[in-house]
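Below is one structure, written out as structure tokens; the observations come after it.
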Amino acid sequence: MKNIVVKMIAKEVDLDVCDIENLLEVPPRLEMGDFAFPCFGLAKSLKKSPVIIASGLAKVKLPKGISEVKAEGAYVNFFVDRGIFAKGVLGKKRVDVEKKGKICIDMSSPNIAKPFGIGHLRSTIIGNSIGKICEANGFEVVKINYLGDWGTQFGKIIFGFRKWGSEAKLKKDAIGHLYELYVRANATDEFDEECRAEFKKLEDGDKENLKLWKRFKDLSLKEFDKIYDLLGISFDVVSGESLYNDKMGAVVAELEAKGLLIEDEGAKIVDLDSEGLGKVLIQKSDGTSLYATRDLAMAIDRKKEYNFDRAVYEVGSEQKLHFRQVFGVLDKMGYEWSKDLVHAAHGLYLDKDGKKFSTRRGKSVFMKDVLNEVVEKAKTNLLKREMLKGKELDGRARKIALAAIFYGDLKNNREHNMVFDVDRFLSFEGDTGPYLLYSYARASSILRKVDSKASVKIGEINDTEFGLIKKIDSFEDVVGKAYLGLAPNLVANYCFELASLFNEFYHACPVLGNEKEGFRLVLVGAFRDVMGKSLNLLGIEKLEEM
Ligand code: ARG
């Protein structure tokens, strides 16, 4: 519809189609029309007052699809023909978009032998949604879990395990025990020398250390997989820092050859001072590598392997400087594709009292427990409404809990800090995941009640119906914008607006048995279709009944 209006204006005034599109507004109230075009900008070139220009434009012959054009001050208001518009929107076949290229998404990426943190949960949820949004925009997506499975901390864990470790404890709660050992070894600087030596041995390929490390890694992964199973999120590739251990030498040599490495008290650095990014430590004086070195090797390797058009790193904003440095070094190395690397940062979860939310407080509260607690709460809420049992209860509670957490997170601009408030997230009313599921289930339930489709005649379309149709129509636009900003919140907010309009419609416009039943059923079907697609983009699993 917008296109018709744009074309109509383009015929009359000397403006670019793009400019007209940008100028065109959606008026705040329906009685002001569906689109409004401000004429202020034309006054100079036409040497007429904007009011006169507007009234001139309003007299133009109406194209098909527009039912009325009115001048209102300096604006021209356009009213679309609701019947034609509804037919277009409700009859639209949503075809797959053409393939545009490949995007790698670095996401989740927890650290081995350490608890799965809140930041990793955010990265998993947001990265997953960004992946789906990229796919919806025509990209092939490779979701990569880049485990923190290498680094000096493994010197500490290996040292700690040899000194204080217990097989029994390792069996019972591997991550809990390893983390405890890490904390203990890290508590004083007394063991620093020995810990560093253990990591050096590991990097140099010591068999015994490698064996221990591999065991810790396998045990950790087993724990992480339980979380991924619960979340229903998987990866195309599970990678990790350790994979780049043998590629580090090459990076250091390349930096050297390109004249970028500087000796600094025995260590090697790249100087990004002139870019305002400080000095990047590449190799420590004992020859061991760093997080940044591994990210450099990994980026180069990933480009070779996937030849991506874009690589997105969904990682907390506290690593902003790190990624700017890594991208900066790659740029200095002459890798022109470094401009295709994006750090999609996220903020923190906060407690209700505004402090940083942490699963580590209370020591042994881990992510799995946090998630299971939400599922239990969802169960209690469900049982207040309906008598359910066994698998049905478990399944529904899990989906409601995940919808609550995913939506509670994704509705926010990802860079902002947000309050992790499970009780609010779980509410069936208001701006919550369960509310969205509920609206979807409501539409499903209406559609389940009829099997024969009455012939559809689109008659008069009232404001409530029209509002819903317009919202449905804007789906593709929202998906496009969400990709541009790597912003799942645009889809999440859209879901809420769509659900609200649907519920308004549900209360104001009876469907079954009504004379407009045929048309309204089609509308309910279109809502359900678009709502389902939107929820899918957020990684939220739908419920047909609630
Ligand atoms: N393991 C890291 C952490 O927990 C996150 C890794 C992010 N990805 C990357 N390519 N650096 O802080």
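Every number here is computed from the coordinates shown, using simple stated rules; none is lab data. These numbers come from a predicted model, not from an experiment. Neighbour counts run over all protein chains shown; Cβ positions are idealised from the backbone, glycine included.
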### Task
Can you grab the distance from the C-alpha centre of segment 1-77 to the C-alpha centre of segment 108-133, Å, no decimals?
47 Å
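If you take every DSSP beta bridge whose two residues both sit in segment 1-145, what share of them, in percent to the nearest 5, is antiparallel? Before the final figure, lay out the partial values.
Numbers: 11 of 18 bridges.
Expressed as a percentage, antiparallel bridges in segment 1-145 total about 60.
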### Task
Would you mind getting me the FRET efficiency between Met387 and Phe428? Use the beta-carbon distance for r and R0 = 25 Å, nearest 0.05.
0.90
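Report the equivalent ellipsoid semi-axes for segment 310-453 in whole Å, largest first, defined as the square roots of five times the eigenvalues of the gyration tensor built from alpha carbon atoms.
Values: eigenvalues 292, 99, 33 Å².
Semi-axis lengths for segment 310-453 are 38, 22, 13 Å.
Using only Cα atoms, what Kirkwood radius does segment 229-278 have, in angstroms?
Details: mean 1/r = 0.0710 Å⁻¹.
About 14.1 Å, per the Kirkwood formula over Cα pairs.
How many percent of DSSP beta bridges within the chain run antiparallel, rounded to 5?
Taking every DSSP beta bridge within the chain, about 45 percent pair in antiparallel fashion.
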### Message
For a quick check: with amide H placed at 1.01 Å from N, whose amide H comes under 5 Å from Ala344's, ignoring anything fewer than 5 positions away on the same chain?
### Response
Tyr313, Glu314, Val315
### Message
Please list, ordered by chain and number, the residues whose modelled amide H lies under 5 Å from the amide H of Leu486; skip anything fewer than 5 residues away on the same chain.
### Response
none
### Query
Based solely on its DSSP helices, what 222 nm [θ] is calculated for the chain when runs of n ≥ 4 H residues each add -39,500 (n - 2.57) and the sum is averaged over all residues, nearest 500 deg cm²/dmol?
-17000 deg cm²/dmol
### Query
Between the helical axis of 517-537 and the dominant principal axis of the chain, each derived from Cα atoms, what acute angle in degrees is found, rounded to the nearest 10?
20 degrees
### Task
Working from Cα positions, state the angle (0 to 90°, nearest 10) between the long axis of helix 475-484 and the longest principal axis of the chain.
30 degrees
### Global geometry of the chain, whether rounded, prolate or oblate, following the gyration tensor of its Cα atoms and the 1.5 cut on a/c
oblate
### Task
Give Lys163/Lys284; Lys114/Lys268; Lys47/Lys87; Lys100/Lys222; Lys64/Lys481; Lys391/Lys481 a once-over and call out the pairs whose C-alpha atoms are over 31 Å from each other.
Lys47/Lys87; Lys100/Lys222; Lys391/Lys481
### Task
Compute the signed sum of charges (Lys and Arg +1, Asp and Glu -1) over the other residues within less than 10 Å, Cβ to Cβ, of Phe496.
-1
### Query
What residues qualify as long-range amide H neighbours of Glu140, i.e. H under 5 Å apart, gap of 5 or more or another chain, H built at 1.01 Å from N?
Lys100, Gly101, Lys102, Ile103
### Estimated vicinal HN-Hα couplings, Hz - segment 224-232 in sequence order (Karplus 6.51, -1.76, 1.60; Gly, Pro = x)
4, 4, 4, 5, 5, 4, 4, 6, x
### Query
Quick one: Cα centre-to-centre distance for segment 294-315 and segment 423-488, in angstrom?
37 Å
### Message
If you fit an axis through the alpha-carbon atoms of helix 248-257 and take the longest principal axis of the Cα set of the chain, what angle between them do you get, 0 to 90°, nearest 10?
### Response
80 degrees
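Ranked from highest to lowest mean number of other Cβ atoms within 10 Å per residue, what is the order of the peptides 420-426, 143-149, 380-386?
On the way: 420-426: 17.4, 143-149: 23.3, 380-386: 12.7.
The packing order, highest mean first, is 143-149, 420-426, 380-386.
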### Task
Kindly write out, for segment 191-205 in residue order, the coupling ³J(HN,Hα) from the Karplus curve 6.51 cos²θ - 1.76 cosθ + 1.60 (θ = phi - 60°), rounded to whole Hz, with x marking Gly and Pro.
9, 3, 4, 5, 4, 4, 5, 5, 5, 4, 4, 4, 5, 8, x
### Message
Considering only C-alpha atoms, what is the centroid distance from segment 166-233 to segment 387-420, in Å?
### Response
31 Å
